[in-house]
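Read through the structure below, which is laid out as structure tokens, and then see the notes.
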Amino acid sequence: MILPRGQALLLPANPAFIWGSLAAAFVLLVLQGQLTAAAWLPDWVALVLVFWTIHQPLRIGVGVAFVAGLCVDVHQGVLLGQHALAYTAMGYLAVTLHRRVLWFDLRGQTLHVLPLFGAAFGVQALVRLLAGHGAPPALAWLAPLLTAALWIPATWVLLAPQRRAHDPDETRPL
């Protein structure tokens with residue numbers, strides 16, 4: 001099979017790496033919360049959830065997104081179900097769009113995932129508003145933009161273990 005220039009077949013994703021990357025995203029979110037309480041910082045868990053939902057929809061989907069959202073809710077001490085609802089909606093949209101998104105290059109993928117992060121943030125803001133916590137600050141709306149801007153580096157990092165060697169030889173099986 002001949003692939004377009006710049007594209008290569010990927011090895012299968014290791015389930016331990018998938019779950020490890022989700023755990024690492026949660027740790028990053030915890031550390032980010034310990035260092036600063038800025039509302040405009042990216043949502044690492046949402047980024048990794050959308051990435052694996054698009055690239056491995058049979059392993060990571062809406063159920064995982066719901067549980068991850070509950071974990072984030074418990075950690076941040078916010079209204080229980082706020083992130084769970086937002087991540088579930090985001091996961092559903094990611095599963096729905098996963099075939100389409102993968103046809104595009106990384107810039108096109110970034111433009112496709114930006115509305116997912118925006119919708120998740122909008123759901124969280126609506127839940128907080130309906131619960132009487134008020135609207136988020138104006139700078140908080142930068143969070144979906146920053147999360148989407150991290151799509152390209154996240155793709156490089158999360159797909160790195162799946163890339164084949166560029167100089168295959170007869171002693172390597174792949």
Going through region 16-26 in order, the residues found to be under 12 Å from the mean Cα position of the chain (by Cα), within 23 Å of Leu102 (Cα to Cα) and open to solvent by 10 Å² or more (accessible area, probe 1.4 Å) are Ser21, Leu22
Can you name every residue in region 27-61 that is touching a residue at least 24 places away in the same chain (Cβ under 8 Å), surrounded by fewer than 17 Cβ atoms within 10 Å (Cβ to Cβ) and not in a loop (DSSP other than H, G, I, E, B)?
-> Val30, Gly33
Of the conditions (1) open to solvent by 50 Å² or more (accessible area, probe 1.4 Å); (2) closer than 13 Å to Val45 by Cβ, the single one that Val64 does not satisfy is (1)
For region 74-171, which fully contained helices (runs of 4 or more DSSP H) count at least 3 residues that are of a type outside the set (D, E, K, R), open to solvent by 80 Å² or more (accessible area, probe 1.4 Å) and farther than 16 Å from Pro42 by Cβ?
-> 82-101, 106-130
Count of residues meeting criterion [of a type outside the set (S, T, N, Q) and over 11 Å from Val50 (Cα atoms)] in region 90-100 | 2
Any pair with Cβ under 9 angstrom, 6 or more apart, that starts in region 145-171 at a residue that is of a type in the set (Gly, Ala, Ser) and ends at one that is open to solvent by 70 Å² or more (accessible area, probe 1.4 Å) and at pLDDT below 90 | Ala165/Arg172; Ala165/Leu174
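The values are calculated or read from the model by the stated rules, or taken from the named source; none is laboratory data. Because the structure is a prediction, the values reported are computed rather than measured. Quick reminder, even Gly has a Cβ in these numbers, built from the backbone with ideal geometry, and neighbours come from all protein chains shown. For accessibility, only protein heavy atoms count, side chains too; no ligands or nucleic acids. Shrake-Rupley method; radii C 1.70, N 1.55, O 1.52, S 1.80 Å.
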